[in-house]
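Before any comments, here is the structure.
Read-outs throughout are calculated quantities, based only on the coordinates presented, and are distinct from any laboratory measurement. Just so you know, these numbers come straight off a predicted model, no measurement behind them. Every residue, glycine among them, receives a Cβ derived from its backbone with ideal geometry; neighbour counts consider all protein chains shown.
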Amino acid sequence: MSEKDPSQAGQFVRRRPSSAAIAALDRVSTAIMFTDRDLRITYVNENGKQMLLKYAEHFRRLWADFNPNDPIGTCVDVFRDDPSQQRRLLEDASALPHRASIQVGPVTFALQMHANRDANGVYVGVMLEWSDVTDLRENAARLEAIDKAQASIEFSLDGTILSANQNFLNAVGYSLSEIRGQHHSMFVEASYRDSSEYRALWDKLRRGEYDAGQYKRIGKGGREIWIQASYNPVLDPCGKPYKVVQIRHRRHGTGEDDAGAGFRGHRDSSGRRECDRRRLDEPNIDRGKDRPDREPVEERQQGSFTP
């Protein structure tokens, strides 16, 4: 049985957080919004106000009388043509917390919903935490496309192998279980592994600096492989690198690296190559095979909650 505060029936009761809570909420980096049991907005923190102002043009398409400077009292039902599903969900505090996503014009928001209770433990409304995940979703779609067409492998900043797609595994001849947890140095010659140039490469990546070129690598059984690739540091929300993704680039419309067939490599001190004529000695890569553990990108729905 859901809880209901009878003082809220048929009227708007603005329940603001305490002064101490407001001071704390205004310092957090996410957009926070409180509603009453009828889903009418009772409080928006500073980052929430900035979010509403930033995307005011898009919110107005769903929210005809939207005023980003005064959203208090507005019902968040505007984000769904048929709000009955979300109302059934939010009627019962035991269904919370809950996650959902909404599409507002071109912007995708991830929402986290939590029960808000008063000092007596009565369920008086919902706290909504908003996060703009548009770039994350678009990057996920790009990575999905890259994963189908290119060979890629992920490393921690110390060079430990985290994961690799099937295209990369086909190229080097290993299974994922054989390389996960091992160090990147398993793919290079001993003389290069012990060199200052190799250490400089990882120092560069740990600083968040990109590196690209043609590299000599060693596959399973000591097989020599020349690849055209890039090492791409991945940054966290604070701009600090936390892992590295290596992507092997291939010529458009072919099964060959960008350097092309007909080149032979001579390693310089950095482990890259200068080219003269020869075909690359590499197996063909299955370009159409998805990683079996890849989850599909969540479908976006315009102007609606996605439970």
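Roughly speaking, what is the stretch gain from residue 175 to residue 236, that is 0.36 nm per residue apart minus the C-alpha to C-alpha distance, in nm to one decimal? Mind dumping the intermediate values first?
Values: separation 61, 0.36 × 61 = 21.96 nm, distance 2.87 nm.
Full-extension gain reported as 19.1 nm.
Which residue, 53, 32, 111, has the largest displacement toward the positive end of the dipole of segment 6-132 when charges sit on each Cβ (Lys, Arg +1; Asp, Glu -1)? Sorting the options by dipole projection puts first 32.
Computing FRET efficiency as 1/(1 + (r/R0)^6) for residue 56 and residue 131, where r is the C-beta to C-beta distance and R0 is 22 Å, gives about 0.75. As a proxy for reagent exposure, ranking 218, 227, 41 by other Cβ atoms within 10 Å from fewest up yields 218, 41, 227.
Provide the gained length on full extension for the span residue 144 to residue 114, in nm with one decimal, where the gain is 0.36 nm per separating residue minus the Cα-Cα distance.
Numbers: separation 30, 0.36 × 30 = 10.80 nm, distance 3.16 nm.
Taking residue 144 through residue 114 to full extension adds about 7.6 nm, to one decimal.
Listed from fewest to most Cβ neighbours within 10 Å, the set 127, 33 follows the order 127, 33.
Among 54/148; 49/243; 54/204; 49/148; 220/243, which pairs are too far apart, with a Cα-Cα distance over 31 Å?
On the way: 54/148 35 Å; 49/243 33 Å; 54/204 36 Å; 49/148 40 Å; 220/243 24 Å.
Violating the 31 Å limit, Cα to Cα: 54/148; 49/243; 54/204; 49/148.
Using 0.36 nm per residue of separation minus the Cα-Cα distance, give me the extension gain between residue 91 and residue 185 in nm, one decimal.
28.3 nm
Students often get this wrong: which residues of segment 43-60 have the backbone nitrogen under 19 Å from the point 7 angstrom along Cα-to-C-beta of residue 67? Answer for segment 43-60: 43-46, 48-60.
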